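The block underneath contains the structure these notes are about, expressed in structure tokens.
The values are calculated or read from the model by the stated rules, or taken from the named source; none is laboratory data. Since this is a predicted model, take the numbers as computed values, not measurements. Neighbour counts run over all protein chains shown; Cβ positions are idealised from the backbone, glycine included. Areas reflect the complete protein model, heavy atoms only, side chains present, ligands, DNA and RNA absent. Shrake-Rupley method; radii C 1.70, N 1.55, O 1.52, S 1.80 Å.
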Amino acid sequence: MTDDLRLSIAAELERTRARTALLTDAVDDDDLTRQHSPLMSPLVWDLAHVGNQEELWLVRDVGGRDPLRQDIDELYDAFKHARRDRPALPLLDPAEARAYTAQVRDKVFDVLDRTKFGPESRLLDGGFAFGMIVQHEQQHDETMLATHQLRSGAAVLTAPSPPRSRQAVTGEILIENGRFTMGTDTEPWALDNERPAHPVDVPAFWIDAALVTNGDYLTFIDAGGYDDPRWWSERGWAHRQAAGLEAPMHWIRDPGGWLYRRFGRVTPIEPDEPVVHVCFFEAEAYAAWAGKRLPTEAEWEKAARWDPATGRSRRYPWGDDPPEARHANLGQRHLGPAPAGAYPDGASPLGVHQLIGDVWEWTSSGFHGYPGFAAFPYREYSEVFFGGDYRVLRGGSFGTDAAACRGTFRNWDHPIRRQIFSGFRCARDA
Ligand code: AVJ
Ligand code: FE
């Protein structure tokens, strides 16, 4: 058992590092050290930060080993320097950052060989500390992918197109009134904010079977949605005005119609694909225009996990089996979301599609701890963000790794942010 766990952890560490290497080897040193947007770190910061977190938790804490580079801890502490200030720091250069992360990884494999996994250590039970670090790197791989989307210049990433639609998916699904179990006590790699499992009463609601598509969103634009304060919250309208929003980020108005720029390539927008790169306020305005609203976080999770046949909450919409390529568009296999109906095998029992993968889904909920929340293993992962100006996003995107995504996983961001792979679906009261 422990040996199987060790092997699977080693495989996850290596698989994840291969993606990190691809994202950072795809560009030259100048590109790695440059800031592509004040919203993002230079890629070389993410790279060394991933190594530094791995050193802190697995080499020093779990392994009890001497520090490799205590002198750089401060540079790579995300709370010490804002993203916009990071390019000016005396960061490791690309060669140093690669060498450092590789040295840390060598030590980690040694630590992994000697680690005993068992319930006597909560940090190690089920491989948790290693799982946390694997997921941390994967989260930064998604952040680095968003940085790639923001960089100018020729395309450097390639991937096959996502699958085509296999089924028409339209309309709304009724989720009946009743209690369901939100959160988890049993997912071994669930982070602190996903715990504990707790009952939540959810009044009956309708939820869209499909994500809002570019075609849907274009109808809102063409109907003057961006110019009509009726659809926007007060804050949303103020932001729309101040930021001059008139379409999702990366859309380009062209005499022949709308285009978008994706990872360095400009193409006509695809009407059947989920809309992506919208902020919470845009999602909220669209939903109001459509006579609907965004789902709450609890509604989203009930739609994704509640099994009407047994009343149990499952790990994923399709059941308890880990995601396979046929279930969901995850893991940067494709460099964009798939059209509505591309993943019938990943639908929920009631027929809600593409809850996992494709685009993060804005919910109307702020970010708070569940009843009985306990920070673990550190307050800075999530507790310090509770009650801040954030909205929860659910379900993961094409940029999220399968190991960092499940029915209970919670992401959060400021309501004005849209450089992330964010989209949405609508809901309404029943
Ligand atoms: C959970 C995506 C909001 O990127 O800020 C990475 C993940 N935390 N390093 C973020 C995270 C520490 C976090 N999000
Ligand atoms: Fe981090």
Compute the normalised compactness of the chain: alpha-carbon radius of gyration over 2.2 N^0.38 Å, N being the residue count. 0.97
Using a 1.4 Å probe over the heavy atoms of the protein chains, calculate the carbon and sulfur portion of the accessible area of the stretch 324-409 as a whole percent. 51 percent
What whole-number value in Å² describes the accessible area per residue of the stretch 1-53 for a 1.4 Å probe? 41 Å²
Could I get the Rg over Rh figure for the stretch 240-312? Both from C-alpha atoms, Rh via Kirkwood, rounded to two places. 1.11
Counting residues in the stretch 48-118 as N, plug N into 2.2 N^0.38 Å and put the Cα Rg over that result. 1.18
Per residue solvent-accessible surface (Å²) - the stretch 286-403, probe of 1.4 Å: 31 Å²
Separation in nanometres of the label points that stand 7 Å from Cα toward Cβ, at ASP113 and ASP29: 3.3 nm
What order do LYS80, LYS116, LYS302 take when sorted by accessible area (1.4 Å probe), most exposed first? LYS116, LYS80, LYS302
Qualifying lysines (Cα of each under 20 Å from Cα of LYS292; at least 8 residues distant if same chain): LYS302
Please work out the average accessible area per residue across the stretch 172-248, using the 1.4 Å probe convention, and give it in Å². 45 Å²
Given a 1.4 Å probe and the protein chains all in place, what does the accessible area of ARG240 round to, in Å² to the nearest 10? 30 Å²
Ranked highest first by the average count of other Cβ atoms within 10 Å around their residues, in what order do 258-264, 163-169 fall? 258-264, 163-169
Going by accessible area, probe 1.4 Å, with all protein chains left in place, what is the ranking of TYR381, TYR343, largest first? TYR381, TYR343
With all protein chains present, how much of the accessible area of the stretch 65-174 (probe radius 1.4 Å) comes from carbon and sulfur, to the nearest whole percent? 49 percent
For the chain, what does -39500 (n - 2.57) per DSSP helix run (n ≥ 4), summed and divided by total residues, give at 222 nm, in deg cm²/dmol to the nearest 500? -9000 deg cm²/dmol
For a quick check, take a GNM of the chain with Cα springs below 10 Å and name the residue from VAL352, VAL276, VAL111 with the largest mean-square fluctuation. VAL111
At 1.4 Å probe size, what's the solvent-accessible area of GLU96? Round to the nearest 10 Å². 90 Å²
Quantify, in whole percent, the carbon and sulfur part of the accessible surface of the stretch 227-311 (1.4 Å probe; protein heavy atoms only). 52 percent
Using a/c under 1.5 as the rounded threshold, could you call the stretch 40-183 rounded, prolate or oblate? The axes a ≥ b ≥ c are square roots of the C-alpha gyration tensor eigenvalues, and prolate needs a/b larger than b/c, oblate otherwise. oblate
Taking a probe of 1.4 angstrom, what is the accessible area of HIS334 in Å², to the nearest 10? 20 Å²
